[in-house]
Amino acid sequence: MKINYGIISTAAIGKRFIGAVRANGGSVTAAASRSLDRARAFCQENNIEKAYGSYEELYQDPEITAVYITTINREHFHEMIQALSYGKHVLCEKPFTLTRLQAKEIFRLAKEKGLFVMEMQKSLFLPVTDLIKTYIDSGMLGKLHQVNMSASFQSPKASWMHEKDQGGVVYGSASYTFEYLDYLLEPADVIVQALGTRGKTGVQDSVSLNIKMDDVLISSRISMRGPTESFAVFYFEKGFIKTNEYWKADRCEIHSGKCVELIERTVDFEMKYEAAHAEACIRQGLSESPVMTAERTLRCCGLVDQIVESLNWQ
């Protein structure tokens, strides 16, 4: 079965997905924008055959097997409903939806129609992430007891990032924190406390999360107020592991006593691993990923809902 992908919106991240699909030998055959001129320019730049001036036109294309949705956050839910209604498999950029209830409806509809749907959370599929999970699960450095995380993206120019209903650091990046940790630790119990600051538009522009997953303490700071070092450090009883930008990490340092081992897994397109996984799931006729499961997405959507509600009271 040949899988032809269509790109919904001409957002910059779409170019990385196109590169990832092609790196895996796949085919991106169409892209859509609300402006036909933008769609044509995007397709010309990325050597894509068909350009559409509306999303619905692409959904109606019988040759498109699956769509990759890269619209602004608040539009994810509507576009996934549309795509599934037209019989397309759906890969949607994070955050999947803006509420747990919306996410639950998407998974229900996909299952009803026998279609695959997945939140594209690349951090779970990286070789470096799997290496860290091996150390956590095996106890090679003893028991994990603490994690320290930091991430930033400075003053994004996209105006929607500064809109209260779907922008800011919580909707934009907290899913990385929770879904990444949920995959690595598979916790039975999670407690979260949050503090945040607001920018000129009132949107949360930085957040500090204190998290307890079973008996592991985690500190996660996310900011768009200015640059910070972006990393994750995992502290074990007998050493620690440090990654660079954990959401797209291509290397890590393993510190064990006086020894330091540098492991690198560099690739041109870090999304190739999640893209390959999603395509394999579609070929197997699955309605959800066995890794980026509906349960995991729903659980983490619920934690983001909780944070947003608590920050609204501050």
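The values are calculated or read from the model by the stated rules, or taken from the named source; none is laboratory data. Every value quoted in this text rests on a predicted model; they were computed, and no experiment measured them. All Cβ positions, even for glycine, are placed from backbone atoms using ideal geometry, and neighbour counts span all protein chains on display. Accessible surface is based on the protein model in full, side chains and every heavy atom, while ligands, DNA and RNA are left aside. Shrake-Rupley method; radii C 1.70, N 1.55, O 1.52, S 1.80 Å.
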* So what's the angle, to the nearest 10 degrees on a 0 to 90 scale, between helix 100-113 and the longest Cα principal axis of the chain? -> 50
* Can you list the HN-Hα couplings for the stretch 212-218, worked out from phi with the Karplus curve (6.51, -1.76, 1.60; θ = phi - 60°), rounded to whole Hz and with x for Gly and Pro? -> 10, 10, 6, 10, 9, 9, 10
* Quick one: which residues, 5+ away or cross-chain, put their amide H under 5 Å from the amide H of ARG265? H built at 1.01 Å from N. => ARG251
* To do: Return one number: the angle in degrees, 0 to 90 and rounded to the nearest 10, between the long axis of the Cα atoms of helix 272-283 and the longest principal axis of the Cα atoms of the chain.
  => 60
* Which whole-Hz ³J(HN,Hα) couplings does the stretch 16-29 yield from phi under the Karplus relation 6.51 cos²θ - 1.76 cosθ + 1.60, θ = phi - 60°, glycine and proline marked x? -> 5, 5, 4, x, 5, 4, 5, 5, 8, x, x, 10, 9, 10
* Structure fact -> Computed D for the chain, Stokes-Einstein, Kirkwood radius over alpha-carbon pairs, 20 °C, 1.002 mPa s, to the nearest µm² per second, is 106
* If you roll a 1.4 Å probe over the heavy atoms of the protein chains, what accessible area per residue do you get for the chain, in Å²? -> 45
* To do: Can you tell me the order of 298-310, 138-150 when each peptide is scored by its average per-residue count of other Cβ atoms within 10 angstrom, highest first?
  => 298-310, 138-150
* Asked: Once phi is turned into θ = phi - 60°, what whole-Hz ³J(HN,Hα) does the Karplus curve with 6.51, -1.76 and 1.60 give for every residue of the stretch 33-41, x standing for Gly and Pro?
  -> 9, 6, 10, 4, 4, 5, 4, 5, 5
* To do: Run through all the Cα pairs of the stretch 227-314 and give the fraction in each 10 Å bin from 0, expressed as whole percent.
  => 13, 24, 34, 24, 4
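Rounded if a/c is under 1.5, else prolate if a/b beats b/c, else oblate: with a ≥ b ≥ c from the C-alpha gyration tensor eigenvalues square-rooted, which is the stretch 105-230? Don't jump to the answer; show the numbers that get you there.
Details: a/c = 1.94, a/b = 1.19, b/c = 1.64.
Judged from the Cα gyration tensor, the stretch 105-230 comes out oblate (a/c at least 1.5, b/c at or above a/b).
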* What part of the accessible area of the stretch 216-314, given as a whole %, is carbon or sulfur when the probe is 1.4 angstrom? -> 50
* Mind listing the long-range amide H neighbours of ASN4? Cut-off is under 5 Å, sequence gap 5 or more, other chains count too, H placed in the peptide plane at 1.01 Å from N. => THR65, ALA66
* Which lysines have a Cα less than 16 Å from the Cα of LYS104, not counting those fewer than 8 places away in the same chain? -> LYS94, LYS113
* To do: Report Rg/Rh for the stretch 48-118, rounded to two decimals, where Rg is the Cα radius of gyration and Rh the Kirkwood radius.
  => 0.95
* Asked: When DSSP assigns beta bridges and you keep just the ones with both residues in the chain, what percent turn out antiparallel, to the nearest 5?
  -> 60
* Go ahead and estimate [θ] at 222 nm for the chain from helices alone: -39,500 (n - 2.57) per DSSP H run with n ≥ 4, summed, over the residue count, rounded to 500. => -11000 deg cm²/dmol
* Structure fact -> Rounded to a whole %, the carbon-and-sulfur portion of the accessible area of the stretch 47-165 at a 1.4 Å probe is 49
* Name the shape class, rounded, prolate or oblate, that the alpha-carbon gyration tensor gives for the stretch 1-40, where a ≥ b ≥ c are the square roots of its eigenvalues, rounded holds for a/c under 1.5, and otherwise prolate holds if a/b is larger than b/c and oblate otherwise. => oblate
* With axes computed from alpha carbons, what is the tilt in degrees of helix 168-185 against the longest principal axis of the chain, rounded to the nearest 10 within 0 to 90? -> 60
* Return the long-range amide H neighbours of SER152 (sequence gap of 5 or more, or a different chain), with a cut-off of under 5 Å between placed amide H atoms. => SER223, THR228
